[in-house]
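Quick note: the coordinates plus some simple rules give every number you see, no bench work behind them. This is a predicted model, so every value here is computed, not measured. FYI the Cβ positions are ideal-geometry reconstructions off the backbone, even for glycines, and counts take in every protein chain you see.
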Amino acid sequence: MALMSLGSFTESFFSEKQEQLLKTYPGLSIRRLKDEIESFALQKHVDADELFEHQYIPSGENPLTHFFNSLNRGYPLEYIRGRAYFYKSEFHVSPSVLIPRSETEILVETATILLNDWLKKTDESLRVLDIGTGSGAIIISLLQEIDRPLSSYATDISKEALKIARRNFFNLRFTIPRESSLDLICTDRMKDLREEKFHLIVSNPPYIKEDEDRKFVHNQVDTFEPHLALYLKDGEYYDWFEELFQDVSNSLYEEGVFIMEGHEDHLEDLRIQCEKFNFKTVSLIKDYTQRDRFLIAKK
């Protein structure tokens, strides 16, 4: 194969594999691909000065070869780079955690409004819990948004996910008020926190039915993202949420709020189920595509 510049190789690669790439990475353009390569090169300490003018020599030692090979496999760009942008910050991600989605920012925005309402009512430090934190993107974004100190907790059943969350908290600690705290706890939902009380509980739990819904999940998501954070067994689905709603209801202060992301096809059933657990109101919020996406329950 004749050697060429990285720019020429990238354009040739995109042209030859465009159909395959667009199936895996909807909306990918040559401009975005070059931006991703440049960001990746900077992370890997590759000289990015006039990067695309340099000769490209495919090699197992060349980080950019790993980049192109990963694209061929359909590996998510966020996992290739090890980073994903969410809300106002860039978070470290790995296949141990879900890649944060833009629609989940609605949860952060809604929770921020509610926390600021609480701050008008009390001088005490507010207590917040994030169930199934993954990368920590939700709870860390909330900590960044609130000027007053928060006592926050985040749980995940995966020790590997908590390592990622801990790393993100460390990297972004300078963006959070000094007096705010975050305790990361390895447990299923909130089993080790049932004696605690919170003003706000948030969660982006697994909410896809493993058999009924899986055929609608994008192949890239199903192949590479952690199934533990995606799927629940169909026969256990409503029992799983029954336990979650009971624990949440028991652990909220009066006037406390629970916000949860969920599946558009099942949220109405979950709303009806949640109403049984001593909440004043339970309602649904839509996402950017006007589909039911969030459940909000007020104690």
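Of the trypsin sites (Lys or Arg not before Pro) in region 1-69, which ones lie in a loop per DSSP and count no more than 11 other C-beta atoms within 10 Å?
Details: sites: 17, 23, 31, 32, 34, 44; in loops: 17, 44.
The qualifying sites: there are none.
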*So, in Å, what gap is there between the alpha-carbon centers of region 160-239 and region 74-114?*
12 Å
*Straight-line reach from residue 88: which lysines have Cα under 24 Å away, leaving out those fewer than 8 places along the same chain?*
34, 44, 163, 286
*Which of these values of volume of the Cα convex hull per residue in Å³ was calculated from the structure shown: (i) 183; (ii) 141; (iii) 124?*
(ii)
*Considering Cα pairs under 8 angstrom that are at least six residues apart, work out the relative contact order of the chain and quote it in whole percent.*
14 percent
*Taking the Cβ-Cβ separation of residue 234 and residue 160 as r and a Förster radius of 30 Å, what is the calculated FRET efficiency to the nearest 0.05?*
0.70
*What are the residues whose amide H is under 5 Å from the amide H of residue 86, where those residues sit 5 or more places off or on another chain and H is modelled from the backbone?*
91
*asked:* Cross-link candidates for residue 197: which lysines have Cα within less than 23 Å, leaving aside residues fewer than 8 places away along the same chain?
replied: 120, 121, 276, 280, 298, 299
